[in-house]
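Reading through the structure tokens given below for one structure.
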Amino acid sequence: MAALRAVRAGAVATYDADTGDVAVFVVNRHHSQAATLSVPMASFGATLRVAESWTLADDDLLAVNTADAPDRVVIRPADDVEVDDGVLRATLPPVFWTAIRLRARTGAVSAD
């Protein structure tokens, strides 16, 4: 059973049967509370690793991109995401959107 601990948070995942990739999308609408994500991945049948993870968030809830500051709010790598002992775990900031792509682990780990 997946667990997402935060008020006003949600998650959805997709599975690509052809590639074995899993994509997880998480949102937290709480203004001050971080979200803790814990998802057992064993049902996907392969040992998965984090291929990439990205977060869109800003400390200023009213921040926007403008012509003068087009990169004020940007997507950046999500730092605290891992698959440990078959469980996807992440601690993610308040008022965020995060995408995580997981790949089946092969003999050699590549940098996608």
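Things to note:
- Heavy-atom accessible surface of the chain: percent carbon and sulfur, 1.4 Å: 53 percent
- Mean sequence separation of contacting Cα pairs (under 8 Å, at least six apart), scaled by the length of the chain, corresponds to a relative contact order of 35 percent.
- Rolling a 1.4 Å probe across the protein heavy atoms gives the chain an accessible surface of 62 Å² per residue.
- You can think of it this way: the chain between Asp59 and Ala13 has 14.0 nm of extra reach, that is 0.36 nm per residue less the Cα-Cα gap.
- Val83 contributes an accessible area of around 40 Å² to the protein surface, as traced by a 1.4 Å probe with all chains present.
- Equivalent-ellipsoid semi-axes for the chain (Cα gyration tensor, √(5λ), whole Å, largest first): 27, 17, 11.
- Residues whose amide H falls under 5 Å from that of Ala78, counting only those 5 or more places apart or on a different chain, are Ser53, Trp54, Thr55, with hydrogens built in the peptide plane.
The values are calculated or read from the model by the stated rules, or taken from the named source; none is laboratory data. This is a predicted model, so every value here is computed, not measured. Side chains included, ligands, DNA and RNA excluded: accessible areas come from the protein's heavy atoms. Shrake-Rupley method; radii C 1.70, N 1.55, O 1.52, S 1.80 Å.
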